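Notes for the one structure printed next.
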Amino acid sequence: QVRNVVYAATALAKQMMQTTRDAATNAQTAMGYELPESFDKVEDAEAKKMIQQGNFYPIAQALIRDFEGGNLPQPDPADPLAPFLEDINKPIVEDDKVGGTAYSYPKAYKVHMKSISKELGVKGKNLFHPIRLALTAEMSGQDVTKQMALLQMAVADDGCIDKEAAEVVGMASRIERLKNFCETIPEEFRAPKVKEEKKKTEKESKQGDAP
């Protein structure tokens, strides 16, 4: 368990790591969840702008729904290092590459996010930025599946991490915070602007056709 956590924390931070302390600091950020308690307390200008574009709310709702329904893929405790290893269990060299076999957590996560993309008609950064903020409370960082894998190791009952000292926030608590945060998002930011304008145009068109 200790070996897995050390490996995951180091692999997660290797792109920006200059000292071993960097790995520990980065791991603590990944295990924490600093989502503001309300929309009006969001200080990150990039995050606020992204939320205002309207994609965050429906994507967050989909993630909440799927987690509570037991359908959001979670790291496999029996294969905790899947996101960090190649199919043949070789360490991943490139930081932007995701590991795992065809039936592992990273692949299941990717398939699930594609289904959300199809359901909501959102893709690219309009999909991935909201997902990252919703699940990690950060606008940037390492691959989300790698962060979630490290989190799974941290919350394990037989884990080697002092959860309280490290301020670890598990998935259930993250989803609860996310739900509370979403309730504070103004109605005007709860749907993509493009869709809102389309609905408005269609409504006006129907009114114009009315006798």
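The values are calculated or read from the model by the stated rules, or taken from the named source; none is laboratory data. Predicted, not measured: the structure shown is a model, and the values here were computed from it. Neighbour counts are summed over all protein chains in view; Cβ atoms, including those assigned to glycine, are modelled from backbone coordinates with ideal geometry. For the accessible areas, the whole protein counts, side chains as well, though only heavy atoms, and no ligand, DNA or RNA atoms are used. Shrake-Rupley method; radii C 1.70, N 1.55, O 1.52, S 1.80 Å.
Full extension of the chain segment joining Glu188 with Glu46 gains 49.3 nm, where the gain is 0.36 nm per residue of separation less the Cα-Cα distance.
Taking a Cβ cut-off of under 14 Å around Ala137, the surrounding Lys, Arg, Asp and Glu residues balance to a net charge of -2, with basic ones at +1 and acidic ones at -1. All alpha carbon pair distances within segment 107-172 were sorted into 5 Å bins beginning at 0; the resulting P(r) in whole percents reads 4, 14, 23, 23, 16, 10, 6, 4, 0.
Would you mind calculating the gained length between Asp158 and Ser115 on full extension (0.36 nm times residue separation, minus the Cα-Cα distance), in nm to one decimal? If you can, show how the numbers build up before the last one.
Values: separation 43, 0.36 × 43 = 15.48 nm, distance 3.34 nm.
Separation in residues times 0.36 nm, less the Cα-Cα distance, equals 12.1 nm.
Spacing of the modelled spin labels on Ala165 and Glu34, each 7 Å from Cα toward Cβ, amounts to 2.1 nm. Modelled spin labels at Lys179 and Ala78, positioned 7 Å past Cα toward Cβ, are 3.0 nm from each other.
Surface composition of segment 31-77: carbon and sulfur make up 45 percent of the accessible area, probe 1.4 Å.
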